[in-house]
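Here is the structure we will look at.
The values are calculated or read from the model by the stated rules, or taken from the named source; none is laboratory data. Here the structure is a predicted model, which is why all the values come from computation and not from measurement. Every residue, glycine as well, gets a Cβ built from its backbone with ideal geometry; the counts of neighbours run over all protein chains shown.
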Amino acid sequence: MEIKKVVIIGSGTMGSGIAAHLCNANVPVTLLDLTTEISTNARDRIFKSRPPLLIDKSKINNIKVGNISDDFDIVKEADWIVEAVVERIDIKHQIYDKIFKFRKEGAIVSSNTSSIPIKVLSQNLTNEQKKDFCITHFFNPVRYMGLLEIVKNENNDLEKINSLQKFCEIELGKGAIVCNDTPGFLGNRVGVYAMQIAMTEAFKMKLTVEEADAIFGRPMGIPKTGVFGLYDLIGIDLMADVLKSFIKELPKTDKFHEVAQEIPLIKKLIETGYTGRKGKGGFFRINKDGGAKILEALNLETGDYSPSKKIDIKSEKVDLKKLINRDDKYGKYAWSVISKIIKYASSLVTEITDEFNDIDEAMRLGFNWSKGPFEMLEEIGVENFFSKIDNYDGNKFLENLAKSKNENFYGERQKYTKIETLGKVKRKAQSIDGNSSAQIYQFKDYNIVEFTTKANALDYDSMDALKKATDKPLIIINESMQFSAGVNLSYTMDFANKGDFKSIEKFIKYFQETCKELKYSKYPVISAPSGLTLGGGFEVLVQSNFVASHTNIVIGLVETIVGLIPAGGGCKEMLARWQNTEESKKDPHFAPLKVFDIIGYGKTATSPVEAEPLKYLKPEDKKIMNRNSLLEASKQILDENRDFNSPSELVFNLPGESVRGEMYKVLDKLYNDKVIQDHGMEVAKELAYVLSGGDTSIDKQLSEDDLFKLELDAFMKLIETSKTQERIKHTLATGKPLVN
């Protein structure tokens, strides 16, 4: 079965998101709604969306619009018709009646519902029609969330379901997991339960909302939003409706009922308009005091707000054993929440899916957890878990595991896909070295380096791992949300606060040496980025020999925002790429000015398509829709380059003072227009000095080492200034830039 044309009925958030992602995959799609004006407005919203739903704005041309009265004939041409209308069963039934009258024989029809069982949706369909009907539950935002749940019914043509799964995996890049028709399917059944247990245990153990979010977040391998922050993000009223749906659908014996009961404080919040970020606030709110905005948190006992307090539990890395064994309220809370999530998830095995690790993947792909419940159990250890757990009678999975005491119960990762993913390979690979910042694996005839710090920020240990791994062909890749957010600013500031600038200089030199070794290694080096690939992360990528990039990247050199300049070879490599253009051959000022503009403004791209015009990526770099395929694509590059020869070293002819004068004219205008302030001017002047080649002239040849030295000197001048240190401290504290 080939899917060449798709019709989506309903142009709300989900319908628009699905349409946009089909456009990204170059699949023509028609978006229908009650009126053409509604669907046209939806197309306009897609075009303007932030973060962008399209990997390239030109993709919008793949969307046609219409209405369900005048344009329903288009359904006859579709291979797949997706219903994404309001969650009202009467309206859905009317739509299905019309679709099945118009559709061509064999066309797939699916609903994007997140809560209505397929048996209810399909109750008016014939057995023959049910063969081609399923649920395709995408997660929002569709472009960025990896999970797609395909819910089948007992009448389905399984060959067609498998074909749809393959299309969604390969063409749309989704982790498409086929599951049974149960309330909440895979992701929401466990994810919403996890949120509820985290919330109810916080109430029970008298934790503050800040304390609960500090535990039910990064220390557990869960996004930093936490539970109360996530409640506010989703909408407290919407979550109340979700819980009512679960209560209605699930049998009274299901443990979900224990955590889904109405909480008086939450009822009061909804009644008074405190529905989360979309309302007046929720568990957190922004209050204005004398013109200043203050983040306030709700007291779960009194219902009053007070300034939010930052909770530091002294745990940056995911270490579940250490976390649950803490002898304080945080350890007790962590164990209570984690153990109950594991118990609930394991009780659902065979009911919602035969493969328990599908539940883990649903939590990874749909909720951005770094570990699912069963991986948590594996990390804690079977013996350790059963030495601490209370009653688990009737839980067949845990009863069998308690009998076998099999510490290696997990087996293969990601059974839902045939792709040889990084998750699968790591279990078979030999862990040959590593440290607190990165791990080195050897698999067959190549090495893998996986960064392991928060946001995969880079430090001395990260570089050490990269350097050690160049004794074989190397793939730099990871499973976390970010490839690398850049150099670890906290690591750098620790030295700066002590006045130890020699250590900073030593680190930057080592960073440069490592990147040069990557570039001129005897064996090919491949970077396979996804997510943030910024600053030092980009410098690792740009000095790799090959790149296989996921379509969902945010890439660029952003150092100027924190009062620094790229010093790991970023300036050097961008100059080299722009010097290799026809414009630069005619005008020696062209490349320095172009790179000055790109780095000076800290420009970023949100997809490989956007990255190419900036020369952050090259046309020959591979662009991959399915993140799971990054390792396979990287291995293919290795196979294609068995006769690899390292590149020749670069040389530069830069204009020096003459182009610097042009740069200063740009800066004077920006300063006079108050776009930049005093320190912004100083940072830009240091950048101009580097990109112009320093005290050089066009007839003098500079080596890569000369450029490295210019970068290092400028970096060190800036890091030693109080103004740059103020910028870094402000960014670390608030996540926002400081203009000074």
Residue in region 87-99 that is surrounded by the fewest Cβ atoms within 10 Å (Cβ to Cβ), counting only those that are out of contact with any Asp or Glu (no Cβ under 9 Å at 6 or more places or on another chain) and in a helix (DSSP H, G or I)
D90
Hey, A611 hits all of (1) over 30 Å from T721 (Cβ atoms); (2) touching a helix residue (DSSP H, G or I) at 6+ places or on another chain (Cβ under 9 Å); (3) buried (at least 24 other Cβ atoms within 10 Å of the Cβ); (4) not acidic (D, E) but one; which does it fall short on?
(2)
Identify the residue in region 496-517 that is among the hydrophobic types (A, V, I, L, M, F, W, C) and more than 27 Å from G531 (Cβ to Cβ) and, among all such residues, is surrounded by the most Cβ atoms within 10 Å (Cβ to Cβ).
A496
Taking first residues from region 401-414 that are surrounded by fewer than 15 Cβ atoms within 10 Å (Cβ to Cβ) and second residues anywhere that are of a type in the set (K, R), the pairs with Cβ under 8 Å that are 6 or more apart or on different chains are E412/K424; E412/R427
Does at least one position in region 408-416 carry a residue that is farther than 30 Å from L638 by Cβ, of a type in the set (F, W, Y), touching a helix residue (DSSP H, G or I) at 6+ places or on another chain (Cβ under 8 Å) and not assigned by TED's automatic domain parsing to the domain that holds A528?
yes
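Please go through region 313-340 and give me each residue that is in contact (Cβ under 8 Å) with a residue 40 or more places away in the chain, in a loop (DSSP other than H, G, I, E, B) and not small (G, A, S), ordered by number. Please lay out each step first, then the result.
Going residue by residue through region 313-340, those that are in contact (Cβ under 8 Å) with a residue 40 or more places away in the chain are 313, 315-321, 323-324, 329-330, 332-340.
Imposing the further condition that a residue be in a loop (DSSP other than H, G, I, E, B) reduces the set to 313, 315-319.
Across region 313-340, the qualifying residues are I313, E316, K317, V318, D319.
Residues E271, E296: which one is assigned by TED's automatic domain parsing to the domain that holds G191 and in contact with a Pro (Cβ under 9 Å, 6 or more places away or on another chain)?
Working: E271 fails: in contact with a Pro (Cβ under 9 Å, 6 or more places away or on another chain).
Within the list E271, E296, the selection yields E296.
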Just checking, does region 242-253 include any residue being in contact with a His (Cβ under 8 Å, 6 or more places away or on another chain), surrounded by fewer than 22 Cβ atoms within 10 Å (Cβ to Cβ) and farther than 19 Å from E301 by Cβ?
yes
Tell me the residue from E399, E379 that is closer than 30 Å to K152 by Cα, in contact with an Asp or Glu (Cβ under 9 Å, 6 or more places away or on another chain) and of a type in the set (D, E), please.
E399
Could you list all residues from region 350-397 that are within 13 Å of K415 (Cβ to Cβ) and either touching a His at 6+ places or on another chain (Cβ under 8 Å) or aliphatic (A, V, I, L, M) (or both)?
I359, A362
Answer residue from region 100-122, given it is assigned to a loop (DSSP other than H, G, I, E, B), touching a residue at least 12 places away in the same chain (Cβ under 8 Å) and surrounded by fewer than 16 Cβ atoms within 10 Å (Cβ to Cβ) and is nearest to the chain's Cα centre (by Cα) among those
G106
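State whether one or more residues within region 224-235 are of a type in the set (K, R) and at pLDDT 95 or above. Walk me through it before giving the result.
Of the residues in region 224-235, the ones of a type in the set (K, R) are 224.
Then keep just the ones that are at pLDDT 95 or above; that gives none.
Among the residues of region 224-235, not one is of a type in the set (K, R) and at pLDDT 95 or above, which makes the answer no.
So if I check each of A176, A202, A194, A198, which one is touching a Leu at 6+ places or on another chain (Cβ under 6 Å) and either assigned to a helix (DSSP H, G or I) or modelled with pLDDT of 95 or more (or both)? Walk me through how you get there before you give the answer.
Values: A202 fails: touching a Leu at 6+ places or on another chain (Cβ under 6 Å); A194 fails: touching a Leu at 6+ places or on another chain (Cβ under 6 Å); A198 fails: touching a Leu at 6+ places or on another chain (Cβ under 6 Å).
Within the list A176, A202, A194, A198, the selection yields A176.
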Give me the strands (runs of 3 or more DSSP E) completely within region 374-487, filtered to those with at least 3 residues that are hydrophobic (A, V, I, L, M, F, W, C), ordered by residue number.
438-443, 446-451, 474-476
Within region 348-379, which residues are surrounded by 18 or more Cβ atoms within 10 Å (Cβ to Cβ) and among the small types (G, A, S)?
A362, G366, G372
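Out of the residues in region 460-476 that are surrounded by fewer than 22 Cβ atoms within 10 Å (Cβ to Cβ) and of a type outside the set (F, W, Y), which is nearest to G735 (Cα to Cα)? If you could, list the steps in order and put the result at the bottom.
Start the filter on region 460-476 by keeping residues that are surrounded by fewer than 22 Cβ atoms within 10 Å (Cβ to Cβ), which leaves 460-461, 464, 467-468, 470-472.
Adding the requirement that they be of a type outside the set (F, W, Y) leaves 461, 464, 467-468, 470-472.
On the way: D461: 24, D464: 28, K467: 31, K468: 33, T470: 34, D471: 38, K472: 38 Å.
Of everything passing the filter in region 460-476, D461 is nearest to G735 (Cα to Cα).
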Could you please let me know if V540 is more than 16 Å from T606 (Cβ to Cβ) and assigned to a strand (DSSP E or B)?
no
Kindly indicate whether any position in region 374-397 is under 25 Å from the mean Cα position of the chain (by Cα) and of a type in the set (A, V, I, L, M).
yes
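Of these, L667, L650, L630, which one is within 32 Å of the chain's Cα centre (by Cα) and surrounded by 14 or more Cβ atoms within 10 Å (Cβ to Cβ)? Spell out the reasoning first.
On the way: L667 fails: within 32 Å of the chain's Cα centre (by Cα); L650 fails: within 32 Å of the chain's Cα centre (by Cα).
Within the list L667, L650, L630, the selection yields L630.
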Scanning region 51-77 for residues that are aliphatic (A, V, I, L, M) and assigned to a helix (DSSP H, G or I), which turns out surrounded by the most Cβ atoms within 10 Å (Cβ to Cβ)?
V75
